[in-house]
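This report refers to the structure that appears directly beneath it.
The values are calculated or read from the model by the stated rules, or taken from the named source; none is laboratory data. Bear in mind the structure is a predicted one, so any value in this text is a computation, not a measurement. Here the Cβ is made from the backbone with ideal geometry for all residues, glycine too, and neighbour counts use every protein chain on show.
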Amino acid sequence: MFRVGLYARVSTHDQQTLSLQIRAMREYATRRGWTIAVQIKEVGSGASERELRERLLAAARRRDIEAVVVWRLDRWGRSLVDLVVTLKELSELGVGFVSLTEALDLTTPTGRAMAGLLSVFAEFEHEILRERIRAGIAEARLNGKRFGRPLTATKKSGQVWRLYRAGVSKAEIARQLDIGRTSVRRILALPNKEALA
């Protein structure tokens, strides 16, 4: 008995295709002689909202199902990277994956080869994104943009040294100047610029 989980998802604006998806997946499972163990219908508006999909993944982790069936790949994955990560997890669990519209069947050797290609494209997309981010940061630095935390505590180093020389404790200095105690210790570990001047 080959048990499968069906996953149908629609946006809040496209709810009329939900029954179409379920009907197509049920017919496919029947033709293959599979038993439907879990059926998930999810309605969401954002790409990140796929809470019910996690239930299906949990069923796969428990080995309650041998395959996941979806109507289209974009119904399952939030992005190419998310798609590849979840397909890899299912593959490692020994759980197949079928997408009806794309005729992708990872329960067959040909389908598993296709999953390898998807992985290559996801890595390519990830590299392009990293390249764009690096280029954007370099351009911003050329235009004088500073990255990292603001140097708020360093600007108060003169005040820190004056209070410290006056006998005020490090904790009290931090409280008075509204900076962290670690910042106070870091400033006091550096040479006193006022004394060097």
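Does any residue of the stretch 111-133 turn out to be out of contact with any Asp or Glu (no Cβ under 8 Å at 6 or more places or on another chain), at pLDDT 85 or above, closer than 25 Å to residue 28 by Cβ and polar (S, T, N, Q)? Within the stretch 111-133 (the criterion being out of contact with any Asp or Glu (no Cβ under 8 Å at 6 or more places or on another chain), at pLDDT 85 or above, closer than 25 Å to residue 28 by Cβ and polar (S, T, N, Q)), the answer is no, since none of the residues qualifies. When the stretch 92-118 is filtered for residues that are in a helix (DSSP H, G or I) and either on the phi > 0 side of the Ramachandran plot or touching a Lys or Arg at 6+ places or on another chain (Cβ under 7 Å) (or both), only 93 remains.
The rows are residues; the columns are (1) in a strand (DSSP E or B); (2) surrounded by fewer than 16 Cβ atoms within 10 Å (Cβ to Cβ).
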residue: 21; (1), (2): no, no
residue: 25; (1), (2): no, no
residue: 39; (1), (2): yes, no
residue: 53; (1), (2): no, no
residue: 64; (1), (2): no, yes
residue: 69; (1), (2): yes, no
residue: 88; (1), (2): no, yes
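Scanning the stretch 90-134 for residues that are touching a Gly at 6+ places or on another chain (Cβ under 6 Å) and either of a type in the set (Asp, Glu) or exposed (fewer than 10 other Cβ atoms within 10 Å of the Cβ) (or both) returns a single hit, 105. Taking first residues from the stretch 171-188 that are over 14 Å from residue 155 (Cα atoms) and in the same structural domain as residue 160 (by TED's automatic domain parsing) and partners that are surrounded by fewer than 18 Cβ atoms within 10 Å (Cβ to Cβ) and among the small types (Gly, Ala, Ser), the Cβ contacts under 7 Å between residues at least 6 apart in sequence or on separate chains come to 181/171.
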